[in-house]
Amino acid sequence: MTHGMERVERRLDCDVLIVGGGLVGSTLAVALDTIGCRTVLVESRDPSRLEQPSFDARVTALANGSQRILASLGLWRTLVRDAEPIRSIHVSERGRFGVVRIDAREEGVAALGYTVENRRLGEALWARLSTAKDFALLGRASLRSFERDGEGVRARIDDANGGVEVRARLMVAADGAESPVRAALGIGAREDRYAQQALIVNVTTDKPHDGVAYERFLPSGPLAMLPLPGGRVGVVWTLPSREAERVAALPDDAFRDALQEAFGYRLGRILKIGKRALHPLRRVRSDALGSGPVVLVGNAAVTLHPVAGQGFNLALRDVAALAELIAEARRSGDAFASIAARYRAWRAGDQRKVAWFTHGLVGLFGWSIPGVGAIRGLGLAAFDVLPGAKRSLAHHTMGIAGRLPRLARGLPLEGAGS
Ligand SMILES: Cc1cc2nc3c(=O)[nH]c(=O)nc-3n(C[C@H](O)[C@H](O)[C@H](O)COP(=O)(O)OP(=O)(O)OC[C@H]3O[C@@H](n4cnc5c(N)ncnc54)[C@H](O)[C@@H]3O)c2cc1C
């Protein structure tokens, strides 16, 4: 096994081969390093330049459970400098009275979550991986083929120097929504296209955001204004696909006016506008979470609409659970082959629930049938005065519902009581 970030060639043996070094694959690699697991990570882009789609200008809203996972992995002390606490969430709908406010103090927590720019997450993850020990990175390399045998997986990787054969006891597909590994396994996926795109841009405003995350439901789709460090605001504006393309191409002044008109003046006037990017939206649910010694995580397992900001939060719970199962298997000497089934039993319920909740939210706010708007408004108002329902939303949003992996409880993967 070659150590550190140095290039490897020809033949590698490891415990876990991770295919895909986006947010999810690289976080899993960090988790496995904390237990000294021999890991190979293959990423088709150039990881040193953070070219992966995960690490673009997007902002991720991290739930408190996710913050705890990143802290347990030792990543938070770097990320905290670039994270903005979310003090309250304000949900509203244009033309309706219903407003839902979820407040950190009311919930008895310091923050409801944190926003971090994806690029900062990428920097922290790759800086941490550059010190990893039993770890080999194959960058600008692609999985060409693999076969399963009694001992795990034998994979063939193409890189600039030709081919590398990797033998692994477990292969983890963190290779995104299209997941070539999922396709090669013959696992189907159900896809719902929303005919919408998310327009991403960071802006400054003349009133301070005071740590408030705004989610505003408009007839054209939801608009999120997320608090960022330095007084900036991260905009996630969901629009019908054509409209998104038109708005993204507007000159700065016209774009500013359109955003101002959509959001209103809760943050005063919109001032500076950053670079705009578009993301087509869809939900993809894999029919299975793996097969034999291969498991799927992150977007490869379930890709969500960003309306509720749940995708990476859900994936982090998957990563924490999977890393815990791998730690247990290594400790007890159990076959890695049982990991896939145990991972599925643990994680399928949470994945289904979050996918259902997110899709339901898109459907609920996507209707433009006359009269439905009033029901939606009433629903929101009712939500604000029904503490039970609101509390359950807040607890899901904070990522503290369900059976929690050790990392999400602030515990290391291995230690007393494990
Ligand atoms: C607009 C938007 C806003 C979002 N906001 C939030 C939010 O606020 N909170 C939240 O929790 N989530 C959010 N999400 C979801 C979050 O971005 C995803 O959950 C996350 O990016 C998934 O990462 P991933 O690593 O699974 O997949 P990807 O980022 O797609 O990474 C897959 C990687 O695999 C590599 N790869 C693919 N095939 C191969 C191969 N054969 N060999 C080698 N490498 C390969 C690719 O190059 C890529 O780097 C948002 C998503 C969008 C679109």
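The values are calculated or read from the model by the stated rules, or taken from the named source; none is laboratory data. No experiment lies behind these values; they were computed from the predicted model shown. Methodologically, a virtual Cβ is constructed for each residue, glycine included, from the backbone with ideal geometry; neighbour enumeration extends over all protein chains shown. All accessible areas refer to the heavy atoms of the entire protein, side chains included, with ligands and DNA or RNA removed. Shrake-Rupley method; radii C 1.70, N 1.55, O 1.52, S 1.80 Å.
Some observations on this one:
- Protection proxy ranking for 313-319, 287-293, using the average of other Cβ atoms within 10 Å per residue and placing the highest first: 313-319, 287-293.
- From the C-alpha gyration tensor of the stretch 81-173, square roots of 5λ in Å: 45, 18, 15
- Charge-dipole axis of the chain as Lys and Arg at +1 and Asp and Glu at -1 on Cβ define it, positive-most pick from A189, N313, L218: L218
- Normalised Debye scattering of the stretch 148-307 at q = 0.19 Å⁻¹ gives log10 I(q)/I(0) of -1.06, counting only Cα atoms as equal scatterers and leaving out solvent.
- The label point for E106 and the one for E165, both projected 7 Å from the Cα toward the Cβ, are 6.2 nm apart.
- Net charge dipole, the chain: roughly 560 debye, given to the nearest 20, about the Cα centre with Cβ charges of +1 for Lys and Arg and -1 for Asp and Glu.
- As a rough guide to protection, the peptides 26-38, 325-337 ranked by mean Cβ packing within 10 Å, highest first, stand as 26-38, 325-337.
- Taking only the C-alpha atoms of the stretch 261-360, Rg followed by Dmax gives 18.5, 61 Å.
- With the simple spin-label model, which puts each label point 7 Å out from Cα in the Cβ direction, the E191 to R77 separation comes to 4.4 nm.
- Pair A184, E243: separation of 7 Å Cα→Cβ label points (nm): 4.1 nm
- Formal net charge of residues neighbouring L407 (Cβ-Cβ distance under 12 Å; K, R +1; D, E -1): +1
- For the stretch 140-193, the ratio of Cα radius of gyration to the globular rule of thumb 2.2 N^0.38 Å stands at 1.26.
- Here R94 and A127 are evaluated by their C-beta separation; at R0 = 51 Å the FRET efficiency comes out at 0.75.
- Packing-based ranking of 234-242, 103-111, 138-146 yields 234-242, 138-146, 103-111, ordered from highest to lowest mean Cβ neighbour count within 10 Å.
- Per residue, the stretch 258-325 exposes 31 Å² of accessible surface when a 1.4 Å probe is rolled over the protein heavy atoms with every protein chain present.
- Chain lengthening between D210 and A337 when straightened (0.36 nm per residue, less Cα-Cα): 40.8 nm
- Computed over the chain, the P(r) tail beyond 39 angstrom holds 19 percent of alpha carbon pairs.
- Long-range amide H partners of G113 with built H, under 5 Å: I86
- Residues of the stretch 131-146 with amide N under 17 Å of a point placed 7 Å along Cα→Cβ from R49: 138-142
- Solvent-accessible area, 1.4 Å probe, carbon plus sulfur percent, for the chain: 52 percent
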